[in-house]
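Visitor: The structure's right below; bear with me while I get my questions together.
The values are calculated or read from the model by the stated rules, or taken from the named source; none is laboratory data. Because the structure is predicted, anything quoted here is derived from the model rather than measured. Cβ coordinates were reconstructed from backbone atoms using ideal geometry, including for glycine residues, and neighbour counts include every protein chain displayed. Note: areas computed on protein heavy atoms with side chains; ligands, DNA, RNA excluded. Shrake-Rupley method; radii C 1.70, N 1.55, O 1.52, S 1.80 Å.
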Amino acid sequence: VQLQASGGGLVQAGGSLRLSCAASGSMIGVMGWYRQAPGNERELVAQISPEGEINYADSVKGRFTISRDNAKNTVYLQMSSLRVEDTAIYYCHAIRWGGNYWGKGTQVTVSS
């Protein structure tokens, strides 16, 4: 499985960004986004199952929305009301047949 992410960039606090991640192959299970800020461990942001079950980190609830298009094996992360502390490299993640797959990461920078 290869994951191709896009949509990162620089935005002012309070702004919005949308991340996309397309997975190659079929029978993709849970897809989601993790992030890692400098000096911090990688943490879960949001994930969604093929059936639409969703899990968010408490820090993004009410601000971020994850969705997926199963026909396209693509997951989206709509990020709104962005904060400086959301600055990180965002990694797309997918599970397929018990294996974990990661995208290369896309930088999201939120300026004050």
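Visitor: Please go through segment 24-56 and pick out each residue that is farther than 15 Å from residue 90 by Cα and assigned to a strand (DSSP E or B). Spell out how you get there, then give the answer.
Guide: Within segment 24-56, the subset farther than 15 Å from residue 90 by Cα is 24-30, 48-55.
Hits for segment 24-56 are 48, 54, 55.
Visitor: On to the next question. Can you find even one residue in segment 12-23 that is among the hydroxyl-bearing types (Ser, Thr, Tyr), part of a loop (DSSP other than H, G, I, E, B) and open to solvent by less than 60 Å² (accessible area, probe 1.4 Å)?
Guide: Just the residues of segment 12-23 that are among the hydroxyl-bearing types (Ser, Thr, Tyr), to begin with: 16, 20.
Checking the rest, the ones that are also part of a loop (DSSP other than H, G, I, E, B) come to 16.
Now restrict to residues that are open to solvent by less than 60 Å² (accessible area, probe 1.4 Å): none.
The answer is no; no qualifying residue exists.
Visitor: Also, quick follow-up: I'm told residue 38 meets every condition in (1) farther than 14 Å from residue 85 by Cα; (2) modelled with pLDDT under 95 except one. Can you identify the failing condition by its number?
Guide: Residue 38 satisfies all of (1) farther than 14 Å from residue 85 by Cα; (2) modelled with pLDDT under 95 except (1).
Visitor: Identify all residues within segment 57-85 that are over 20 Å from residue 3 (Cβ atoms) and either open to solvent by 50 Å² or more (accessible area, probe 1.4 Å) or at pLDDT below 95 (or both); write none if there are none.
Guide: 58, 59, 61, 62, 81, 83, 84, 85
Visitor: May I pose another question? Any residue at all in segment 31-50 that's more than 25 Å from residue 109 (Cα to Cα), in contact (Cβ under 8 Å) with a residue 40 or more places away in the chain, over 14 Å from the mean Cα position of the chain (by Cα) and open to solvent by 40 Å² or more (accessible area, probe 1.4 Å)? Steps first, answer last, please.
Guide: Step one: of segment 31-50, the residues more than 25 Å from residue 109 (Cα to Cα) are 49-50.
Filter again for in contact (Cβ under 8 Å) with a residue 40 or more places away in the chain, leaving none.
Within segment 31-50, none of the residues are more than 25 Å from residue 109 (Cα to Cα), in contact (Cβ under 8 Å) with a residue 40 or more places away in the chain, over 14 Å from the mean Cα position of the chain (by Cα) and open to solvent by 40 Å² or more (accessible area, probe 1.4 Å).
Visitor: Let me ask another. Quickly run through segment 86-102 and pick out the residues that are open to solvent by less than 50 Å² (accessible area, probe 1.4 Å) and either modelled with pLDDT under 95 or part of a strand (DSSP E or B) (or both). Can you show your working first?
Guide: To start, the set of residues in segment 86-102 that are open to solvent by less than 50 Å² (accessible area, probe 1.4 Å) comprises 86-88, 90-94, 99.
Within segment 86-102, 88, 90, 91, 92, 93, 94, 99 meet the criteria.
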